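Visitor: Here it is, the structure in full.
The values are calculated or read from the model by the stated rules, or taken from the named source; none is laboratory data. Worth saying up front: this structure is predicted, and the values here are computed from it rather than measured. Cβ placement follows ideal geometry from the backbone for every residue including glycine, while neighbour counts extend to all protein chains displayed.
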Amino acid sequence: MFGTVVTREDMAKVLRWVSVEWLRANLDRELTILDCQPNVHDYVRGHIPGAVYLAEESLRLSSLGMPHVWLDEGTASSILSRVGVPRNRPVLTYSSINPQVPTGDGVPQCMMAYSLARYGHENIFVLDGGLDEWMKGGGRIETRYPAMEPSSFSARLDRSLFIEYEEFLRVKDDRGVVHIDTRSSNQYQGRSPWPKEGHIPGAINIPWSECFAQENLCLLRPKEEIGEMFSRAGVTRDKTIICHCGSGRKAAAQLIVLKFLLGFPEVRLFEGSFTEWCAHPENPTVTGPSPSGKLFTN
């Protein structure tokens, strides 16, 4: 499985979910493991042997006043090189569930996997079930920090994975486009910490969490169930699918399910998501359960 040559015709091999059994069998191979647990203290208390800590937000910063913007290629290269992420070896991401912190929701391992793919890594694994499933299956953890050597990672943006604001504004209402608000139904319908209530007009609502087991949001639901859910919502392979949420992180989780698990050919992340949409006062939002909704005015 290691060393696979990846082509555009076989994108599913860029990023794959693997089981705890697979990891147990491959733990001693040349595999870089990134612990993306929501708090560094979680890592200190225990992590998969050999794992190095890299928080999910390490690759995003404010830019020109906008929060959570993915870093430029040079800065991302420097960070990934510092923690020892190679270009020519597989990388595995995992996280854990921690209800004590907002980012303990299962998303970090998906966010980091998306970010690696965004910056051009082509051999990424995500641990299905994360650390919780690893420990449930008797997997060993340790508190020793690995001796990591810096790498020479050089980022190359994969622009097929994301869409920027101006292009999103231009194409979101096209006949062949479906855009999905992956936030919770409450936030989609109106209850929101953002400056505007509701959602972007035309967006359908499929919460990201519906792709995962409710008892462990790092653990995928059966592939067939996920596919049926999207099919019922009219998300089909002939469409360009654009995922967005509040800040891009939860939509990134849904993107990698659609593109790399289900194999949908055209899936992109509106990275600025609802935060960037609301930053433009002229942009409307609508409330309620339907895509067209009721115009929100404040």
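Visitor: State the number of residues belonging to the range 209-258 that are of a type in the set (D, E, K, R), more than 13 Å from Asp128 (Cα to Cα) and touching a helix residue (DSSP H, G or I) at 6+ places or on another chain (Cβ under 7 Å).
Guide: Qualifying residue count for the region: 3.
Visitor: Let me ask something additional. For the range 176-191, name all the residues that are without any contact (Cβ under 8 Å) to a residue 24 or more places away in the chain and of a type in the set (S, T, N, Q).
Guide: Hit for the range 176-191 is Asn186, nothing else.
Visitor: Would a scan of the range 72-84 turn up a residue that is touching a strand residue (DSSP E or B) at 6+ places or on another chain (Cβ under 6 Å), in a loop (DSSP other than H, G, I, E, B) and within 21 Å of Trp22 (Cβ to Cβ)?
Guide: No.
Visitor: Check the range 147-157 and report whether any residue there is hydrophobic (A, V, I, L, M, F, W, C), farther than 29 Å from Glu276 by Cβ, surrounded by fewer than 23 Cβ atoms within 10 Å (Cβ to Cβ) and modelled with pLDDT of 95 or more.
Guide: No, every residue in the range 147-157 fails to be hydrophobic (A, V, I, L, M, F, W, C), farther than 29 Å from Glu276 by Cβ, surrounded by fewer than 23 Cβ atoms within 10 Å (Cβ to Cβ) and modelled with pLDDT of 95 or more.
Visitor: Further, regarding this structure: Considering only the range 226-277, how many residues are within 25 Å of Pro102 (Cα to Cα) and either of a type in the set (Phe, Trp, Tyr) or modelled with pLDDT under 95 (or both)?
Guide: Within the range 226-277, residues that are within 25 Å of Pro102 (Cα to Cα) and either of a type in the set (Phe, Trp, Tyr) or modelled with pLDDT under 95 (or both) number 3.
Visitor: Let me ask something else. Kindly indicate whether any position in the range 244-252 is aliphatic (A, V, I, L, M) and under 19 Å from Ala113 (Cβ atoms).
Guide: yes
Every residue, every condition in (1) over 15 Å from the mean Cα position of the chain (by Cα); (2) assigned to a loop (DSSP other than H, G, I, E, B), yes or no:
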{"site": "Leu61", "(1), (2)": "yes, no"}
{"site": "Pro67", "(1), (2)": "yes, no"}
{"site": "Thr103", "(1), (2)": "no, yes"}
{"site": "Ala117", "(1), (2)": "no, no"}
{"site": "His121", "(1), (2)": "no, yes"}
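Visitor: Can you confirm whether the range 255-265 contains a residue that is closer than 21 Å to Leu71 by Cα and not assigned by TED's automatic domain parsing to the domain that holds Pro38?
Guide: Taking every residue of the range 255-265 in turn, at least one turns out to be closer than 21 Å to Leu71 by Cα and not assigned by TED's automatic domain parsing to the domain that holds Pro38.
Visitor: Could you go through the range 190-208 and let me know if any residue there is assigned to a helix (DSSP H, G or I) and either exposed (fewer than 13 other Cβ atoms within 10 Å of the Cβ) or touching a strand residue (DSSP E or B) at 6+ places or on another chain (Cβ under 7 Å) (or both).
Guide: The answer is no; no qualifying residue exists.
Visitor: Right, here's the next one. Of the residues that make up the range 163-182, is at least one of a type in the set (Ser, Thr, Tyr) and either closer than 21 Å to His47 by Cβ or not assigned by TED's automatic domain parsing to the domain that holds Ala279 (or both)?
Guide: No, the range 163-182 has no match at all.
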